[in-house]
Amino acid sequence: MDRRRFLHASTLLGGASILTPHGVRAQAPAVITRDAMRPQMPHGIQSGDPVADGAIVWTRGDRPSRLWLEWSTTASFADLQRVRGPHLLEDSDFTGRFDLRGLPAGQEIFYRVVLQDLHNERVLSEPVAGHLRLPAAFGAKGAKGMQGVRNVRFAWSGDTCGQGWGINEQWGGMKIYEQIRRINPDFFLHSGDTIYADSPIPAEIKLPDGTLWRNVVTEQTSKVAETLDEYRGRYRYNLMDANVRRMAADVPQIWQWDDHEVTNNYSDSKDLSGDARYTEKNIPLLVARATKAFQEYAPMRRLGDVESERIYRHLPQGPLLDVFVVDMRSYRGPNSANRQTEENADSAFMGRPQIAWLLEGLKRSKAVWKVIAADMPIGLHVNDGKDAEGRDKWEAIANGDDGAPRGRELEIARLLSEIKRHQLHNIVWLTADVHYTAAHFFDPAKAKYTDFLPFWEFVSGPLHAGGFGPNKADGTFGMQVAYQKGPGIANAAPAPDTQFFGQVDIDARTRAMTVTLKDLEGSTLYKNTLEPKRA
């Protein structure tokens, strides 16, 4: 069935009985048809954080309104269900989400969102339709019983609208999002740098051949983001792109963040005193505003009042796959020379509570494959200028020293050793950040630190930003470069050979995982099929 057939279906909310989030039956509002009065959803809809029985549905309105949602397992919306969602008000920039639960596992879900105008409750928006596919339930037989379990496919990449490269409609906009949609993935993992709050988008950029790259521009993207509205405006800008909106409506997403959601390479040592672009120099205040904007626009499930802003989370995807989304930004110590000889507050990267959570989740996992969705690579040199003594500062894990683990490497060494001690196999790391694509094999036989099981890390990106790299490799954990492709220059313009995404396929019959690195045009650059180690 062509799942896009339903896109023009009209809603029939008028006078219907619906379920509120608490299961109480209520009367749906009636429809009036004066289009000029209808609420609008100018930034489309998104779904995210899919699990076997549910997913997040997100939208943004243009006025105070209430979100209503209809869903069905068929494109015709036969046997549809209706639920009442939250109010969309000024304090959330008119964004809102609904954690749609009680869905049938493993099913395609067709849904449509309608907004009810709070100034006149009889006025409804036109419906905006979306689609998502839920993972299978794990089932009583666990990973050993694969009957009826379908193949898994997902994509990942990172880095959107960086280095001044914005929406160029003459070029086709952010075309890579359409390429990702076309492979029909179960979900898309956005590996961080979902916006570039520190990177103004100019109206024009002169290209090496003398032609001009022409950006769509807005007030909020004309300067570095400092106010809450400017941070929000970065997300609104990305959703102005038709490719982004189309994919977001058709494919559920899993978001994480990195540095550019706040400012470049931010940590406790970040100092904006010499950056004339910023009138607000207070990093904690910028982090607070950026966090609120990210939480408002990410189609992400909140974890409750105690940890409402927590980003690291576990998203089970059935018997073939567990996804562990980590946060390498919020708990790190200051960017430094990264040469500490023991773990402490200055050497922290993910932090002890998150490492303990990750290890416990990996130990409990019964899925065949465990993906650690990281926002930064393990063994690549990512520099952050110089410290007061003239030493290199480091933004990621590696410290430019191929010897025994020091600094942030100590935390990673402990994690890897615990994985080995508990014999936790079939773990793959996926990441972005460095603006090129690569396949890395970590081999203890070639490492300075050897107490770990061999594993793969795959890198992809950018989605739509300047191309960089490749970067130098660190030898502490024996990283071997199996493949890499980058422009070889700094800030290469978006082009077929500078923008990348990755595709992962898990075969339900063989349980093998195939990782494919692709370019902007969807061409295969590298493919690696990993056979699972059986318990």
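Being of a type outside the set (A, V, I, L, M), over 25 Å from Glu178 (Cα atoms) and at pLDDT below 95 narrows it down to one residue among Gly390, Gly379; which is it?
Gly390
Could you tell me whether the range 520-534 includes any residue that is under 23 Å from Gly162 (Cβ atoms), hydrophobic (A, V, I, L, M, F, W, C) and touching a strand residue (DSSP E or B) at 6+ places or on another chain (Cβ under 6 Å)?
Scanning the range 520-534 turns up at least one residue that is under 23 Å from Gly162 (Cβ atoms), hydrophobic (A, V, I, L, M, F, W, C) and touching a strand residue (DSSP E or B) at 6+ places or on another chain (Cβ under 6 Å).
Cβ contacts < 8 Å: first residue polar (S, T, N, Q), restricted to the range 375-388; second residue surrounded by fewer than 18 Cβ atoms within 10 Å (Cβ to Cβ) and not in a loop (DSSP other than H, G, I, E, B), any location; separation 6+ or different chain. Result?
What qualifies is Asn383/Asp392.
Working only within the range 404-426, note down all residues that are among the charged types (D, E, K, R) and outside any loop (DSSP other than H, G, I, E, B).
Hits for the range 404-426 are Glu409, Glu411, Arg414, Glu418, Lys420, Arg421.
Taking the options Leu69, Leu118, Leu89, name whichever one is open to solvent by 30 Å² or more (accessible area, probe 1.4 Å), more than 18 Å from Tyr297 (Cβ to Cβ) and either among the polar types (S, T, N, Q) or at pLDDT 95 or above (or both).
Only one candidate qualifies: Leu118.
Out of (1) outside any helix (DSSP H, G or I); (2) at pLDDT 95 or above; (3) open to solvent by 80 Å² or more (accessible area, probe 1.4 Å), the odd one out for Ile311 is which?
(3)
Counting only residues that are at pLDDT 95 or above and small (Gly, Ala, Ser), which one in the range 509-535 is farthest from the chain's Cα centre (by Cα)?
By that ranking, first place goes to Ala512.
Go over the candidates Ala136, Ala155, Ala78 one by one and state the one that is surrounded by fewer than 20 Cβ atoms within 10 Å (Cβ to Cβ), hydrophobic (A, V, I, L, M, F, W, C) and over 18 Å from Gly44 (Cβ atoms).
On the way: Ala136 fails: surrounded by fewer than 20 Cβ atoms within 10 Å (Cβ to Cβ); Ala155 fails: surrounded by fewer than 20 Cβ atoms within 10 Å (Cβ to Cβ).
Just one listed residue meets the conditions, Ala78.
Assuming Tyr483 fulfils every condition listed in (1) open to solvent by 40 Å² or more (accessible area, probe 1.4 Å); (2) in contact (Cβ under 8 Å) with a residue 40 or more places away in the chain; (3) touching a Pro at 6+ places or on another chain (Cβ under 9 Å) apart from one, which condition is it?
Of (1) open to solvent by 40 Å² or more (accessible area, probe 1.4 Å); (2) in contact (Cβ under 8 Å) with a residue 40 or more places away in the chain; (3) touching a Pro at 6+ places or on another chain (Cβ under 9 Å), only one is false for Tyr483: (3).
What is the residue count in the range 494-523 for residues that are more than 25 Å from Asp322 (Cα to Cα) and either touching a helix residue (DSSP H, G or I) at 6+ places or on another chain (Cβ under 9 Å) or surrounded by fewer than 20 Cβ atoms within 10 Å (Cβ to Cβ) (or both)?
Matching residues across the range 494-523 total 10.
Please report, ordered by residue number, the helices (runs of 4 or more DSSP H) entirely within the range 167-254 with at least 3 residues that are under 25 Å from Val128 (Cα atoms), of a type in the set (A, V, I, L, M, F, W, C) and touching a residue at least 12 places away in the same chain (Cβ under 8 Å).
242-250
If we scan the range 91-114, do we find a residue that is in a helix (DSSP H, G or I) and over 17 Å from Asp53 (Cβ atoms)?
So far as the range 91-114 goes, yes, one or more of its residues are in a helix (DSSP H, G or I) and over 17 Å from Asp53 (Cβ atoms).
Suppose we keep only residues that are among the aliphatic types (A, V, I, L, M) and open to solvent by 10 Å² or more (accessible area, probe 1.4 Å) within the range 435-448. Which one would you say is farthest from Ala492 (Cα to Cα)?
Ala445
Would you tally the residues in the range 166-200 being touching a His at 6+ places or on another chain (Cβ under 9 Å) and either open to solvent by 10 Å² or more (accessible area, probe 1.4 Å) or closer than 30 Å to Asp507 by Cβ (or both)?
6
Can you pull out every residue in the range 242-267 that is among the basic types (Lys, Arg) and either under 17 Å from Met350 (Cβ atoms) or open to solvent by less than 10 Å² (accessible area, probe 1.4 Å) (or both)?
Within the range 242-267, none qualify.
Inspect the range 337-356 for any residue being in contact with a helix residue (DSSP H, G or I) (Cβ under 8 Å, 6 or more places away or on another chain), among the aliphatic types (A, V, I, L, M) and part of a helix (DSSP H, G or I) and give the result as yes or no.
Yes, that holds for at least one residue.
The values are calculated or read from the model by the stated rules, or taken from the named source; none is laboratory data. The shown structure was predicted, so the numbers you read here are calculated from the model rather than taken from an experiment. Reconstructed Cβ throughout: ideal geometry from the backbone, glycine too, with neighbour counts over all protein chains shown. Please note that ligands, DNA and RNA were not included when accessible areas were found on the heavy atoms of the full protein model with its side chains. Shrake-Rupley method; radii C 1.70, N 1.55, O 1.52, S 1.80 Å.
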